[in-house]
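Below: one structure, written as structure tokens.
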Amino acid sequence: MKIYYAHFVGIYNTPQEERDLQTIKALYPEAEIYNPNNIEAQQKYKKHGMDYFLNIIESCDLLIFRGLPNMKIPAGVYKEIEYAITKHIPVIELPCLTERKMSVDDTRLFLKECGAR
């Protein structure tokens, strides 16, 4: 299995990137992970633009991406996701929210608004 790890250049060479790679390796220990954060990829990007990455995605079995903490998806990552979808390549998002716990009152309000209670 080959996995494309799509992520914002702003987290290249950061602890977050390393955590993501460790998570992907833990979930898919036998997979080959393509990380666009490498010198060769950056050189080929300068020459061929996003087409270089799209060609790599086409050879992958899965695309895993990280959005931004504000729930936005940067343009380049979004283009990679859209391309994977057109090629029927499954797409998985790594969670980007750190505080997800709801209080009891927030949970009850949410259930009421959803019509569950």
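The values are calculated or read from the model by the stated rules, or taken from the named source; none is laboratory data. Remember, it's a predicted structure, so these values are computed and weren't measured experimentally. All Cβ positions, glycine included, derive from the backbone under ideal geometry; neighbour counts span all protein chains shown. Surface accessibility is based on the protein's heavy atoms, side chains included, excluding ligands, DNA and RNA. Shrake-Rupley method; radii C 1.70, N 1.55, O 1.52, S 1.80 Å.
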- Message: Net charge within 14 Å of H7 by Cβ-Cβ distance, Lys/Arg positive one each and Asp/Glu negative one each, not counting H7 itself?
- Response: -1
- Message: Keeping every protein chain present and rolling a 1.4 Å probe, give me the accessible area per residue for the chain in Å².
- Response: 68 Å²
- Message: What does the charge count around Y34 come to, taking other residues whose C-beta lies under 15 Å from its C-beta (Lys +1, Arg +1, Asp -1, Glu -1)?
- Response: -3
- Query: Can you tell which of N55, I89, A75 lies farthest toward the positive end of the dipole of the chain, using +1 and -1 charges on the Cβ of basic and acidic side chains (Lys, Arg; Asp, Glu)?
  - Reply: A75
- Query: Which percent, to the nearest 5, of DSSP beta bridges fully inside the chain are antiparallel?
  - Reply: 0 percent
- Sorted by chain and number, the residues with a modelled amide H under 5 Å from that of A6, at a separation of 5 or more or across chains, are I64, F65, R66
- Query: Taking all protein chains as present, what is the carbon and sulfur share of the accessible area of the range 22-117, in % to the nearest whole number, probe 1.4 Å?
  - Reply: 54 percent
